[in-house]
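The values are calculated or read from the model by the stated rules, or taken from the named source; none is laboratory data. A quick note: this is a predicted structure, and the numbers were derived from the prediction, not measured. Glycine also receives a Cβ, built like all others from the backbone with ideal geometry; neighbour counts cover every protein chain displayed.
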Amino acid sequence: MPKTPAAAPAVAGPAAVRLYYVDDSGAHDTGYVVYAWIELGIQHWRGVLRHWLDMRKQMYANYKIPPAAELHATKLVGGRGEPSTDPRVNASKWERRRVVQVALQTIGSTPGLRVGTIYRVTTATGRGYARERDEVYRRLVDHLDTRLGAAGELGMIFMDGDGTAGGYYNAHRGMKLAYRSIVEDPLFQCSGRSQLVQMADLVAWTSYQALLRHPGKRYAWDWYDAHLRASDINGGPVSC
């Protein structure tokens, strides 16, 4: 998906702004590098968050997981931590998996919200794998920037973490200002404090499981198709 530079389109009024919340998945031992995102027009931000928080309130009623508790896919399905105030939920693999599916159903059905995934399979290890991760992120940025430019929109990327890992800044600063539509460097937020970054984490993990199809996680193989594919802006994960 290399970007062919084209002059940024002139607009008569303020450009629309699109928000992207991005998280990664994959592992060097499987060779997968996965970046996934949720995206929404800035005008939908309030409605998207309201829809999600309504689900979190219902999740508390059903599973006793407080709205402020982090929904982290790997921890939930792996039985790590105690997200619920009900020990029976924390001890139940079935209940934890059901929590993830409820969250995915909400993501896939939220008005104004779309998802996407870009990935690569590599045999690189160590620093080579890290370089592949940086390259896939650059491809992600190019992919989003090209779409924004074609639509005459501007975009902002929010990432999980503190910005100390990966070549994220280089991917943004390598774009030519005259042509780019993504504003500024990526903005980093801790997933534990951002509901929307948590949504991106769930999308990234689910896309990874659909691609990897690990025998030990057969229960999750179809979650992407069941809950996310219909809202995927590209119709499915994109290999780069």
Exercise. Go over the candidates Tyr21, Tyr63, Tyr35 one by one and state the one that is over 19 Å from the mean Cα position of the chain (by Cα) and at pLDDT 95 or above.
Key: Tyr63
Quiz item: Among Glu70, Glu39, which is the only one that is crowded, with 18+ Cβ neighbours inside 10 Å and under 16 Å from Gln101 (Cα atoms)?
Solution: Glu70
Exercise. Go through (1) at pLDDT below 95; (2) out of contact with any Asp or Glu (no Cβ under 7 Å at 6 or more places or on another chain); (3) among the hydroxyl-bearing types (Ser, Thr, Tyr) and name the single condition Thr122 misses.
Key: (2)
Self-check item: Single match in Val141, Val121 (criterion: surrounded by 16 or more Cβ atoms within 10 Å (Cβ to Cβ), under 22 Å from Ser239 (Cβ atoms) and out of contact with any Leu (no Cβ under 6 Å at 6 or more places or on another chain))
Solution: Val141
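For every residue, the table says whether it meets (1) over 14 Å from the mean Cα position of the chain (by Cα); (2) at pLDDT below 95; (3) loosely packed, with under 13 Cβ neighbours inside 10 Å.
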| site | (1), (2), (3) |
| --- | --- |
| Gly149 | yes, no, no |
| Met156 | no, no, no |
| Thr164 | yes, yes, yes |
| Arg173 | yes, yes, yes |
| Leu177 | yes, yes, yes |
| Leu196 | no, no, no |
Quiz item: Is it the case that Ala204 is in contact with a Lys or Arg (Cβ under 8 Å, 6 or more places away or on another chain) and surrounded by 21 or more Cβ atoms within 10 Å (Cβ to Cβ)?
Solution: no
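With the structure loaded, tell me whether Ala103 is modelled with pLDDT of 95 or more, of a type in the set (A, V, I, L, M) and over 27 Å from Met156 (Cα atoms) or whether it fails that test.
On the way: modelled with pLDDT of 95 or more: yes; of a type in the set (A, V, I, L, M): yes; over 27 Å from Met156 (Cα atoms): no.
Spelling it out, it is not the case that Ala103 is modelled with pLDDT of 95 or more, of a type in the set (A, V, I, L, M) and over 27 Å from Met156 (Cα atoms).
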Quiz item: So how many residues does the range 179-194 have that are in contact with a strand residue (DSSP E or B) (Cβ under 9 Å, 6 or more places away or on another chain) and surrounded by 13 or more Cβ atoms within 10 Å (Cβ to Cβ)?
Solution: 10
Practice problem: Read through the list (1) at positive phi; (2) part of a helix (DSSP H, G or I), then give the number of the only condition that Gly81 fails. | Solution: (2)
Exercise. Within the range 87-94, identify whether any single residue is under 29 Å from Tyr137 (Cβ atoms) and modelled with pLDDT of 95 or more, and answer yes or no.
Key: no
Quiz item: What number of residues in the range 89-128 are closer than 28 Å to Val48 by Cβ, aromatic (Phe, Trp, Tyr) and without any contact (Cβ under 8 Å) to a residue 40 or more places away in the chain?
Solution: 0
Practice problem: Return the pairs, sorted by first residue and then second, in which the second residue is modelled with pLDDT under 95 and assigned to a helix (DSSP H, G or I), the first residue lies in the range 48-73 and is on the phi < 0 side of the Ramachandran plot, the beta carbons are less than 7 Å apart, and the residues are 6+ apart or on different chains. | Solution: Glu70/Ser191; Glu70/Gly192; His72/Ser191
Quiz item: Can you pull out the residues in the range 44-78 that are among the aromatic types (Phe, Trp, Tyr) and either under 14 Å from Gly192 (Cα atoms) or assigned to a loop (DSSP other than H, G, I, E, B) (or both)?
Solution: none
